[in-house]
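Participant: My questions all concern the structure below.
The values are calculated or read from the model by the stated rules, or taken from the named source; none is laboratory data. None of these values were measured; they are calculated from a predicted model. Here the Cβ positions follow ideal geometry from the backbone for every residue, glycine too, while neighbour counts run over all protein chains shown. For the accessible areas, the whole protein counts, side chains as well, though only heavy atoms, and no ligand, DNA or RNA atoms are used. Shrake-Rupley method; radii C 1.70, N 1.55, O 1.52, S 1.80 Å.
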Amino acid sequence: MTYGFFPYVSLTTTKEQIPVQIEPAAPAQLDTLHTDPKWQTDWSSEYLADPTIDKFAVTTEDGEMIALGAYQVQDRKTHVIIIYAESAPHSNPTMHLLEDRKYYGIGQLLIAFGIKYSIDNGCLGVVVFEAKTDELASHYERDFHAIRIPSLGEGLKRYMLADEPAWKMLSNYLKEVSE
């Protein structure tokens, strides 16, 4: 059996699954983030310009950009760090009430893509990411079974997904394909 990665998000109003594409972010896409409605992260920053950081855009079939993710293979290909994962302003839970968002499931999708990216880069599906808020930290532990690991600095809580919890998350986006 062969499986393929079929990413999707869900409409908040109808719960309908909307297929999306995840592709390397084009400079023109990143240039649009400085106009209203503005995104929270400066995706053209010097830090994110590091050539070892890969940026990906999540778009609907009609070209609507709904999220961005930044990923970096760490050290000796031990894991992938998810540097940033951000929903478009219309679906960002820190900018809207949960029921007012256009799409949901974006964060889980960006983490699942990070797991796929980790596998594709020889890192066995291991991903590391940080929680920006205590609510997110609780969500990662409760819903994703992420394991808290030591942080490099103060403040943010760092998590790892690997093995069975990583596979479980990734499998939400896998479908059998004919060869």
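Participant: Label 7 Å along Cα→Cβ of ASN172; region 127-159 residues with amide nitrogen under 20 Å?
Facilitator: 127-148, 158-159
Participant: Is region 92-179 best put as rounded, prolate or oblate by its Cα gyration tensor, with a ≥ b ≥ c the root eigenvalues, rounded for a/c under 1.5, and otherwise prolate when a/b is larger than b/c, oblate when not?
Facilitator: Note, shape of region 92-179 comes out oblate.
Participant: Which order do MET65, MET1 take when ranked by solvent-accessible area (1.4 Å probe, heavy atoms of all protein chains), largest first?
Facilitator: MET1, MET65
Participant: Mind putting a number on the dipole of region 80-147 about its Cα centre? Charges go on the C-beta only, +1 for Lys and Arg and -1 for Asp and Glu, and I need it in Debye to the nearest 20.
Facilitator: 180 debye
Participant: Provide the FRET efficiency to the nearest 0.05 for the MET1-GLN74 pair, computing r from the beta carbons and using R0 = 30 Å.
Facilitator: After rounding, the FRET efficiency stands at 0.45.
Participant: Can you grab the distance from the C-alpha centre of region 34-72 to the C-alpha centre of region 104-142, Å, no decimals?
Facilitator: 16 Å
Participant: For the chain, build the charge dipole from Cβ charges (+1 Lys, Arg; -1 Asp, Glu) around the Cα centre, then report which of ALA57, GLN72, PHE129 sits farthest towards its positive end.
Facilitator: The residue sitting most towards the positive pole is PHE129.
Participant: Which one, PHE129, PHE144, PHE113, has the greatest fluctuation when you compute a Gaussian network model over the chain with C-alpha springs under 10 angstrom?
Facilitator: PHE144
Participant: With the full set of protein chains in place, find how many percent of the accessible area of region 72-179 is carbon and sulfur; take the probe as 1.4 Å.
Facilitator: The computed percentage sits at 52.
Participant: Turning to a different aspect of this structure: Any idea how far apart ASP143 and THR14 come out in nm if each label point goes 7 Å out from Cα toward Cβ?
Facilitator: Inter-label distance under the simple model: 2.2 nm.
Participant: Give the accessible surface of the chain per residue, rounded to a whole number of Å², with probe radius 1.4 Å and ligands, DNA and RNA excluded.
Facilitator: Averaged over the residues of the chain, the accessible area is 58 Å².
Participant: How large is the charge dipole for region 111-178, taken about the Cα centre, if only the Cβ atoms of Lys, Arg (+1) and Asp, Glu (-1) carry charge, to the nearest 20 debye?
Facilitator: 60 debye
Participant: Also, I was wondering about something else. How high is the relative contact order of the chain, in percent, counting Cα pairs under 8 Å that sit 6 or more residues apart?
Facilitator: About 22 percent, as a whole number.
Participant: Does region 2-51 come out rounded, prolate or oblate, given a ≥ b ≥ c as the square roots of the eigenvalues of its C-alpha gyration tensor, rounded meaning a/c under 1.5 and, failing that, prolate meaning a/b above b/c?
Facilitator: oblate
Participant: Answer rounded, prolate or oblate for the chain, using the Cα gyration tensor with square roots of eigenvalues a ≥ b ≥ c: rounded when a/c is under 1.5, else prolate when a/b is larger than b/c, else oblate.
Facilitator: Because its axes are fairly even, with a/c under 1.5, the chain counts as rounded.
Participant: Arranged from highest to lowest average of other beta-carbon atoms within 10 Å per residue, in what order do the peptides 43-56, 66-79, 165-178 appear?
Facilitator: Taking the mean over residues of other Cβ atoms within 10 Å, the ranking is 66-79, 165-178, 43-56.
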